[in-house]
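What follows is a short report on a single structure.
Values in this text are rule-based calculations from the coordinates and carry no lab data. Not measured: the values here are computed from a predicted model. FYI the Cβ positions are ideal-geometry reconstructions off the backbone, even for glycines, and counts take in every protein chain you see.
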Amino acid sequence: MIEYEGTPLRVLVVDDIRLFRDHVLDILGAQPFVERAAGAADAEAALRAVAEHGFRVVLVSLATRDSLAVCRRLVAACADTRVIALGVSGGDDEVVACAEAGVTGYLLRDESSEGLLRVVAAAGRGEVTCPPPVAAALMRRMGQRGRAPGGPAGESRLTTREREILGLIDEGMSNKEIARKLNIEIRTVKNHVHNLLEKLEVSRRGEAAALVRGVRRRAQAPGW
């Protein structure tokens, strides 16, 4: 049983293979923390569904045609919606592309139904889900950039305020929510976010949070 406290979730599944989409919907529909589960075959249908019904979590199968473009459009149009990538192989290029598209959760190809529900519940709590293979791929890419001339400054060069804001991003807060919590102007938050993304050499908030969390976990692991 997946533990979840909070408002029941509305979850949308985007996949152009109906058989797979319906199977995932059956799993979600049986959960007490899912208020509504629906499907869409493409970006246009997904955007309409989110706009009309307020889906809070959207699962996008990477097997769907133009799946990364679908993720980018959803993230750009629906700031409060959490986008999860389904069927992630764990390859470096794919993982980084997902992060750059704004994905905040990853479900590996060999994950179970229970794993699917854990990721959905985490997204509902505003958490960024980053399995070890995904974190490793992001760290490898970060390391490659760090070894290049003029590589990223990294977390060590973030200011105290930038670290604070990065932590709030990791908790799933929007710029408006961060501004309210810290009692500062939203444009100030945007400036800090812009600066920390440049220092970490990433283009998306979710990627920055996932990178730093992965580094911290590796640093805390036995034998690291």
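Which peptide among 46-57, 199-210 comes first, and what is the full order, when sorted by highest mean count of other Cβ atoms within 10 Å? It would help to have the intermediate numbers written out before the result.
Details: 46-57: 17.3, 199-210: 22.4.
Per-residue mean Cβ counts within 10 Å order the peptides as 199-210, 46-57.
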* Structure fact -> At the level of C-alpha centres, the distance separating the stretch 54-68 and the stretch 89-107, in angstrom, is 12
* Structure fact -> Ranked on Cβ counts within 10 Å of their own Cβ, fewest leading, 64, 7 go 7, 64
* Structure fact -> Sorted largest first, the Cα spans of the stretch 14-87 on the principal axes come out in Å as 30, 24, 18
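Sort 194, 23 by Cβ crowding within 10 Å, fewest neighbours at the top. Numbers along the way, then the final one.
Numbers: 194 10, 23 14.
Fewest-to-most ranking of 194, 23: 194, 23.
With a cut-off of 8 Å between alpha carbons and a minimum separation of six or more residues, what is the relative contact order of the chain in percent? Write out the running numbers ahead of the final one.
Details: 359 pairs, mean separation 36.3, N = 224.
Relative contact order, the chain: 16 percent.
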